[in-house]
Each structure stands twice: as structure tokens, then as C-alpha cells.
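Below is one structure, written out as C-alpha cells; comments come after it.
The values are calculated or read from the model by the stated rules, or taken from the named source; none is laboratory data. Just so we're clear, the structure is a prediction, and the values are computed from it rather than from any experiment. All Cβ positions, glycine included, derive from the backbone under ideal geometry; neighbour counts span all protein chains shown. With ligands, DNA and RNA removed, areas are computed over all heavy atoms of the protein, side chains included. Shrake-Rupley method; radii C 1.70, N 1.55, O 1.52, S 1.80 Å.
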Amino acid sequence: MLRRVAAQASANYRRLLAAPSSSSPGINNPFRQCSTSTPSSSSHSHTPNSTCVEHLEDSACTPSPSTKISIDRSGLYNPPEHSHGPTSDSELVKHLKGIIKFRGGPITVAEYMEEVLTNPKAGFYINRDVFGAQGDFITSPEVSQMFGEMIGVWVMCAWEQMGRPEKVNLVELGPGRGTLLADLLRGVSKFKNFTESVHIHMVECSPVLRKLQYQTLKCEGEDGEKQIVSTMTGSPVSWHATMEEVPTGLPTIIVAHEFYDALPVHQFQRASHGWHEKMIDVDENSSFHFVLSPRPTPATLYLMKRCKWAETEEIAKLSQIEICPRAMDLTQTIAKRIGSDGGAALIIDYGVNGIVSDSLQAIRKHKFVNILDNPGSADLSAYVDFTAIRHSAEEISENVTVHGPITQSQFLGSLGINFRVEALLENCTDEQADSLRTGYWRLVGEGEAPIWEGPDEQTPIGMGTRYLAIAIVNKEIGVPVPFQ
């Protein structure tokens with residue numbers, strides 16, 4: 001019985017294969033509609049990537065020589081042709097494009113910014129020294145030793161207002177080369193009660209910069225063997241990847257200079273149906289470009305929070321808004337720490353006391369470049385929203401007060417930088433005097449220096465009003481110097 005059934009099935013199968021094309025049944029597949037047909041001159045006139053049918057010989061079957069199987073691919077997506085040859089893309093560019101491809105869509109500006117700056121293998125800050133005249137930009141500590149010395153005055157005053165605790169954590173976020181802290185320690189080295197109470201904590205993710213900081217602070221000792229100590233003051237030194245890793249339980253003084261401006265920002269643009277987040281995608285030419293998200297994103301929650309802190313009139317005037325969730329979260333981490341353990345935090349950066357519109361910029365070798373051009377080769381930074389810092393701190397802890405912002409010029413002037421520069425000018429060479437005056441103007445001046453005899457392209461530009469200072473302190477301290 002089974003043999004007869006098998007023989008009948010085999011005969012039916014042979015008849016099916018030998019049937020004329022007009023009676024051949026189609027295959028019921030929504031993606032591949034197949035039928036047999038007699039080829040003609042028009043059946044071979046298709047071109048690659050067009051909505052046509054592709055004819056394939058069926059070598060496994062034995063129909064007449066003129067019979068073909070055709071597959072209708074008109075419903076399929078035809079991607080642009082891809083070359084497998086070598087490209088000039090850097091490893092970071094390939095990584096970014098890989099993320100976008102894996103996601104199946106664009107990434108946020110914040111994700112792009114974070115990868116560009118801190119990618120473990122190719123991030124801008126990770127494997128190089130980007131500071132100083134030979135780097136990509138110059139920060140205040142690199143301009144003059146007086147900046148670090150004035151920060152030292154503020155730290156000492158805060159310690160005094162805290163009641164001179166016997167043990168205190170001194171934390172710097174993003175210490176760069178360690179120049180600020182080295183100038184600070186040099187200035188306070190004579191105050192033994194303070195230096196003996198301090199444990200220095202450096203929040204730094206770059207291995208290259210950690211080595212520079214170790215050298216700048218004249219450290220001795222190695223991790224795992226014995227405690228690392230700065231020979232400048234005998235103070236112990238520790239390194240951490242994040243603020244959360246800094247030990248709790250002790251009064252803490254935190255300094256964040258030009259740290260907030262490098263935190264990733266999200267950008268939103270007003271469209272006909274409200275605010276849409278700007279994203280970064282790859283176009284048909286394999287280049288990065290901006291697109292708008294068609295629907296709300298997770299960062300929209302932070303946008304709503306930021307808008308609640310603003311006046312309606314302020315929002316109405318804007319077509320773009322920049323927010324920094326990481327800055328809000330970090331501020332709350334700092335405020336909670338100071339509220340529970342005691343202490344003070346000083347934040348100095350360039351920014352505005354209000355909503356930031358569209359400030360994200362890229363700097364390479366002291367020149368502005370396109371944000372999307374050769375990612376990883378330029379520094380990305382954005383204006384700091386000092387109003388958001390204030391509200392974030394006050395929202396999370398009832399035990400802190402926020403003071404400022406005031407301009408960097410006001411801050412340094414009140415701490416005595418004018419007297420300090422006069423004292424230094426009394427005992428220096430003419431060349432040193434010129435350097436001191438130039439550095440002084442850059443720290444407290446506004447715009448181009450009024451008197452300059454050097455090349456025009458090297459005219460000192462004052463940062464005194466572009467940079468702002470704000471303090472978050474435990475309520476028990478009172479009003480910190482010089483915000484009275």
C-alpha cells in the first residue's frame with residue numbers, strides 16, 4: 001500500500017514539473033511571487049536596483065529549455081551599493097556608524113558627544129594632553145598661577161567657615177594636567193593645619209591625564225603598594241572615575257572648573273508640532289547629519305523640567321533649547337553629599353544664567369570647526385546653564401544654599417587677585433611682567449586687551465565676564481566668600 005502511494009506521489013510530482021508554464025501554480029509567499037514564463041526580449045531589459053523581477057535558472061528541475069523561474073523583488077528594500085574596499089574612516093567614526101546601524105536609527109547629540117570625548121579607545125580626552133598652547137585650548141589655570149592661588153584662598157576660607165575640620169575631602173572634577181591643584185597646594189603649603197587635614201581626590205577618567213596629574217602634584221607611591229602622597233604638602237591623593245566613587249562620611253570641598261561644559265547635552269528644536277530632539281544620523285553619502293526625532297525621547301522629561309524653571313516669555317522667544325541632564329544629575333549628587341556630610345562646592349565655567357539655546361561648539365588647535373567633522377579630533381563643549389544648577393541643587397536638598405552666579409572677574413577680584421599681581425610684579429623680569437599682565441587680563445578682563453604690542457592674532461582675550469562662578473554650600477556655613 002505504502003509503495004503504491006509513494007509511486008503515485010512521484011508520478012504526480014513529475015507531471016507537475018513538466019506542465020506548461022500557463023498552468024504552473026504560483027508559490028504563496030508575500031515576499032517572493034514566483035511563476036514560470038517564457039523569456040522574451042523585454043524580460044531581460046531590467047537594470048540593477050530597479051523595481052523589476054530577477055530571472056534565475058532552476059538547475060534542479062527539468063522543464064523545457066525555454067522555461068524560467070522569476071522572482072518579483074519589487075516589494076523588497078534595495079540598499080545602496082556598498083563597497084567592501086578600505087575606507088578612510090577613523091575607528092571612532094566606524095564605531096559611531098556601527099551604533100547607528102545597530103540601533104536602526106539616529107543617536108542623540110548627547111550620545112555622540114559622550115563617545116567623541118570619552119570613548120575608552122578613541123575619545124578626545126582619553127589618550128592625549130589637550131591643554132595648553134600646544135594642545136587644543138587653554139584653560140584659566142594654564143593662563144596664570146594666580147588662578148589656582150585664588151581658588152586656594154577660596155578653599156581655605158571655606159575650610160575656616162566649616163570650623164576647621166580635622167579631616168576633609170578636597171575633590172577636583174576634571175583636573176586636566178593638575179595645574180590648578182598644584183598652584184593651590186603651593187599657595188596653602190604654609191598652613192599646616194589645613195594641609196594635614198586634607199585628602200585629595202581627583203575625579204578623572206583619562207589614563208594619560210592621570211599620569212600627568214601624578215607628575216604635576218609631585219606624587220610618590222603606587223596604587224596597591226602604599227598610599228600615594230603629594231610631596232608638595234604631604235597630602236594623600238586618590239583617583240576616581242566618578243564623583244560617586246569618592247568616599248563619603250567626611251566634610252567635602254569640591255572644585256569643578258571647566259568641567260560642566262564638557263558634559264553631554266541634548267538639543268531640541270521647535271517644529272510645527274512642538275519640540276523635537278535633534279539627532280545624528282548617517283546619510284546616503286555615509287556622512288553624519290542632523291535629523292529631528294518624530295516622537296518624544298527620554299530626554300524630553302528633562303526638557304519639561306527645565307521649562308518649568310523658566311518664564312513663559314523666555315521659552316516663547318526660542319527656536320532651539322539645549323539641556324544637560326548629566327549636569328542636573330551631577331549637581332544633585334554634589335548637593336546631597338554636601339547636605340549630608342557638610343562642605344562646599346565651587347563651580348566655574350563659561351555659560352549663562354538662563355536657558356541655553358544653541359551653544360555646542362567644536363575646537364581643534366584653538367580654532368572652531370564643524371561639530372560633525374572628524375569626530376574625536378576636536379573638543380566639544382557647550383554653555384553651562386547656571387539657572388539649572390541652582391534649581392537642581394535646591395530641589396534635592398533642604399540642607400544646602402546656592403550663591404551666585406557672579407562673574408569670574410568679580411570672584412577673583414574679591415579674593416584679592418589685584419593685590420597678588422602687584423606683589424608678583426615687584427620681583428620679576430620684564431618678560432615675566434609681560435606674562436603676568438597678559439595672564440591677569442585674560443582672567444579678569446573683558447574682550448581684547450586695551451594695550452598690546454605683540455602680533456594681532458595673539459592679542460589676549462579677557463574671560464572675566466564670559467565665565468561665571470556659583471557656590472553650593474551646607475546651610476551651617478552661612479554665606480561663602482566672596483558671595484556676601
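When residues in region 396-436 are screened for being under 34 Å from the mean Cα position of the chain (by Cα) and of a type in the set (D, E, K, R), 1 of them pass.
Across region 102-125, the qualifying residues are those that are free of Cβ contacts under 8 Å to residues at least 40 places away in the same chain and under 19 Å from residue 277 (Cα atoms), and the one among them that is most open to solvent (accessible area, probe 1.4 Å) is 103. What do you reckon, is residue 374 surrounded by 14 or more Cβ atoms within 10 Å (Cβ to Cβ) and under 30 Å from residue 93 (Cα atoms)? When the stated conditions are applied, residue 374 passes them. Evaluated against (1) open to solvent by less than 30 Å² (accessible area, probe 1.4 Å); (2) among the small types (Gly, Ala, Ser); (3) in contact (Cβ under 8 Å) with a residue 24 or more places away in the chain; (4) assigned to a helix (DSSP H, G or I), residue 433 falls short on exactly one condition, (3). Strands (runs of 3 or more DSSP E) fully within region 163-265 that include at least 3 residues being under 21 Å from residue 143 (Cα atoms), open to solvent by less than 20 Å² (accessible area, probe 1.4 Å) and at pLDDT 95 or above: 252-257.
Candidates 481, 444, 421: the one that is open to solvent by 10 Å² or more (accessible area, probe 1.4 Å), in contact with a Phe, Trp or Tyr (Cβ under 8 Å, 6 or more places away or on another chain) and at pLDDT below 95 is 421.
Among the conditions (1) open to solvent by less than 30 Å² (accessible area, probe 1.4 Å); (2) under 16 Å from residue 338 (Cβ atoms); (3) out of contact with any Gly (no Cβ under 6 Å at 6 or more places or on another chain), residue 397 misses just one, which is (3).
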